[in-house]
């Protein structure tokens with residue numbers, strides 16, 4: 001059974017715990033220690049394939065993935081820099097990191113809709129990002145579209161806007177090029193029409 005509530009992620013997130021009260025447990029995509037720990041396993045797998053120092057770049061919506069990566073890197077003897085990338089249209093995590101607590105931010109329309117939205121007030125991810133001194137960068141809309149197009153044309157990867165955020169930041173020079181970069185491309189949840197529009201508008 002599909003239940004819809006509101007017109008965006010925030011309304012759905014507020015409603016989901018109430019459903020869980022009756023039918024089970026609500027598992028947040030970013031505000032659950034076990035989910036964050038599970039996402040740290042991505043870095044463990046990468047470390048098995050790369051022996052030299054590198055920069056790990058990943059998109060940031062609620063901050064669950066970047067928190068897992070940051071904790072894994074923090075506890076690792078290897079030299080790894082972790083960089084999180086938000087959409088310029090939605091900067092809830094970096095704002096919370098800077099302010100020291102979760103605060104509402106304005107959220108604009110973005111092709112990276114999987115990164116858009118405000119945080120639960122109890123979110124643990126800003127504290128993790130602050131503790132690990134994880135760098136935070138931003139991707140503008142034109143850069144997201146350019147990255148989507150490059151992934152499609154050069155690598156045959158059908159990526160949603162959110163998934164292209166890391167590459168967008170790298171292409172913009174926001175990530176230092178002093179070492180190899182590993183870029184997390186995290187999904188392809190986008191309609192064919194939106195994808196076609198994005199890569200056409202992403203033409204330089």
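The values are calculated or read from the model by the stated rules, or taken from the named source; none is laboratory data. On a predicted model such as this, the values are computed, not experimentally measured, just so you know. Here the Cβ is made from the backbone with ideal geometry for all residues, glycine too, and neighbour counts use every protein chain on show.
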How do the pairs read when you match residues in segment 117-136 that are at positive phi and in contact (Cβ under 8 Å) with a residue 60 or more places away in the chain with residues anywhere that are in a loop (DSSP other than H, G, I, E, B) and buried (at least 16 other Cβ atoms within 10 Å of the Cβ), using Cβ under 8 Å and keeping only pairs 6 or more apart or on different chains?
117/61; 117/62; 117/90; 117/107
Which residues, taken from segment 127-145, are part of a loop (DSSP other than H, G, I, E, B) and touching a helix residue (DSSP H, G or I) at 6+ places or on another chain (Cβ under 8 Å)?
132, 134, 140
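Here's the yes/no breakdown for (1) surrounded by 13 or more Cβ atoms within 10 Å (Cβ to Cβ); (2) at pLDDT 90 or above; (3) closer than 20 Å to residue 55 by Cα:
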| position | (1), (2), (3) |
| --- | --- |
| 143 | yes, yes, yes |
| 146 | yes, yes, no |
| 153 | no, yes, no |
| 159 | yes, yes, no |
| 164 | yes, yes, yes |
| 191 | no, yes, no |
| 198 | yes, no, no |
So the helices (runs of 4 or more DSSP H) completely within segment 6-119 holding 3 or more residues that are surrounded by 21 or more Cβ atoms within 10 Å (Cβ to Cβ) are 64-74, 92-99
Within segment 68-84, identify whether any single residue is within 19 Å of residue 112 (Cα to Cα) and touching a helix residue (DSSP H, G or I) at 6+ places or on another chain (Cβ under 8 Å), and answer yes or no.
yes
